[in-house]
Amino acid sequence: MEHTVSDIRQTISPETLLARIAKAERAALAALFESEAGRLLAIARRIVRRNDLAEEVVQETFVAVWQRAGQFDPARGSARGWLTTMVRNRALNLLRDGGRLEFHDATTLEALSGREQDAVSAFQTLSDSEGLKQCLGQLDEPKRRAVLLTYVVGMSNGEVAERLAVPLGTAKSWIRRGIAALQECLR
Amino acid sequence: MSAGFDDQIGDYVLRMLDGAELAAFEAEVARDPALAGRVATLRGRMQALDDTVVPAPVPSGLWRRIEAQLTPTAHASAANRTPLRQQSWLLAASVVLAAGIGFVAGQQFSKPAQPVVIAVLVSENAMPGAIIEAFANNSVHIVPLEAFEVPAGKVLEVWTKPSEEIGPVSLGRFARPAEIVLDGATLPLPRAGQLYEITLEDAPGSPTGKPTGPILVKGLARSPI
């Protein structure tokens, strides 16, 4: 059985796997899990900051993929992108719902500084040939940080304001102008 | 048509819209494929940032936990369902109605997950107007059987009343009468006998959080056998 899963993974695109999952092929879901779970766990972890919660997000996502693979629309982006969106939405909902994410004091500082590092390193790790890197690079430093903290690690507007030591209105306006400028540049 | 909404694409992708603004934007995305395409494009570009992660080690128990949650006979009707959206309205309605009856009667039809309850909503003149399946994860699958007329500036809003104390709770809105899955609201597990209804509300949705517009169809839920 393991053999089958590996074979599927090596030869079949995530798009095709989703089509097979929509026909209730468990081996296809297993193959998708094998190739994507590590990436998705790491994306969720950047947002929820805890391994157990990141696993919960990925678990929910794959159960949802099993139920909803038929709703994937290739005209709306790639299969990997669809998975990324599902994981991000669940992780961000968990973060926004709040209650379960209280950190003990001892871990707070480390967890929070980790968020900022993660946001910056995502930008630095982008390939230079990636248009997004060039466009982010054209933003003023505070706007770039505001957008990265919001997108990469899911900071709220209030957290961004605190981190950048500016009033909430200023942080919101940086984020809004930052993403608008990015979108214009990417066009 | 979507000029004002175009300015909100970035805010939407960064999840900075909420309340009425968010509902209006999502209704427009559902209505305007070009806007939906531009959202997908920006989202796709931003995901280059997500893809900078170093994949994490996958704990050995994770797949087993997922597998334990998969319904064994899932999806038998998935193949039927996808093309429905492309077929003519009446045909779609009759096929789904047949599928629903087959399911309730315990035939080999099965849904992607077993709904906890199913409600057939009927209009004032007792015509079936929509089928609602409510799932344990709070999502609801809605199959309209009637092409409800939705005037400009109005939306269809789906409600349920889990109990008298809680009163009516919105499960979501949709702009056109088409088969749709809504995320629903975090509520107690739906029960047989629970009321479901669809009302016509001003876009982006009821201003009071309770039904204010005319009731188009309503019905009581039953549990599949």
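For this structure, a couple of remarks:
- Candidate aspartates and glutamates - alpha carbon under 18 Å from B:Lys161, same-chain residues fewer than 8 apart omitted: B:Glu133, B:Asp183, B:Glu197, B:Glu201
- The gain in end-to-end length when the B:Ala192 to B:Ser163 segment is fully stretched comes to 9.3 nm, 0.36 nm per residue minus the alpha carbon separation.
- Chain A gives an Rg/Rh value of 1.02, both radii derived from C-alpha positions and Rh following Kirkwood.
- The residues packed around B:Met16, meaning those with a beta-carbon under 11 Å from its beta-carbon, carry a net charge of 0 if Lys and Arg are +1 and Asp and Glu are -1.
- Estimated 222 nm signal from helices in chain A, with DSSP H stretches of n ≥ 4 weighted -39500 (n - 2.57), rounded to 500: -25500 deg cm²/dmol
- Across peptide A:179-186, the mean count of Cβ atoms from other chains lying within 10 Å of each residue's own Cβ comes to 4.
- Dipole magnitude (debye, nearest 20) for chain A, charges at Cβ of Lys, Arg, Asp, Glu: 560 debye
- Taken about its Cα centre, segment A:104-186 carries a charge dipole of about 320 debye when Lys and Arg each add +1 at the Cβ and Asp and Glu each add -1 at the Cβ.
- Here the Gaussian network model covers chain A, with springs between Cα atoms less than 10 Å apart; of A:Ser13, A:Ser129, A:Ser78, A:Ser129 fluctuates the most.
- Counts of other chain beta carbons within 10 angstrom of each beta carbon in peptide A:76-86 average 4.
- Rg/Rg_ref, segment A:2-97, where Rg_ref = 2.2 N^0.38 Å and atoms are Cα: 1.05
- Of all lysines in the structure, those lying under 18 Å Cα to Cα from A:Lys172, and not within fewer than 8 positions of it along the same chain, are A:Lys143.
- Count Lys and Arg as plus one, Asp and Glu as minus one, and take only other residues whose Cβ is under 9 Å from that of B:Asp51; the net charge is then +1.
- FRET efficiency estimate (nearest 0.05) - Cβ-Cβ, A:Arg177 to B:Gln69, R0 51 angstrom: 0.75
- Within straight-line cross-link reach of A:Lys23, lysines at Cα separation under 20 Å, skipping those fewer than 8 residues along the same chain: B:Lys111
- Part-to-part distance (alpha-carbon centres) for segment B:148-219 and segment A:125-187, which is given in Å: 37 Å
- A:Asp52-B:Glu124 FRET efficiency (beta carbon distance; Förster radius 60 Å; 0.05 resolution): 0.75
- Highest average first, the peptides B:173-179, B:129-135 ordered by how many other beta carbon atoms sit within 10 Å of their residues are B:129-135, B:173-179.
- Among A:Ala37, A:Asn89, A:Gly169 the positive-end extreme of the charge dipole of chain A (Cβ point charges): A:Gly169
- Charge tally in the Cβ shell below 11 Å around B:Gly209, where Lys, Arg are +1 and Asp, Glu are -1, B:Gly209 excluded: -1
Quick note: the coordinates plus some simple rules give every number you see, no bench work behind them. Here the structure is a predicted model, which means the values were calculated and not measured. So basically every Cβ, Gly included, is an ideal-geometry build from the backbone, and we count neighbours across all protein chains shown.
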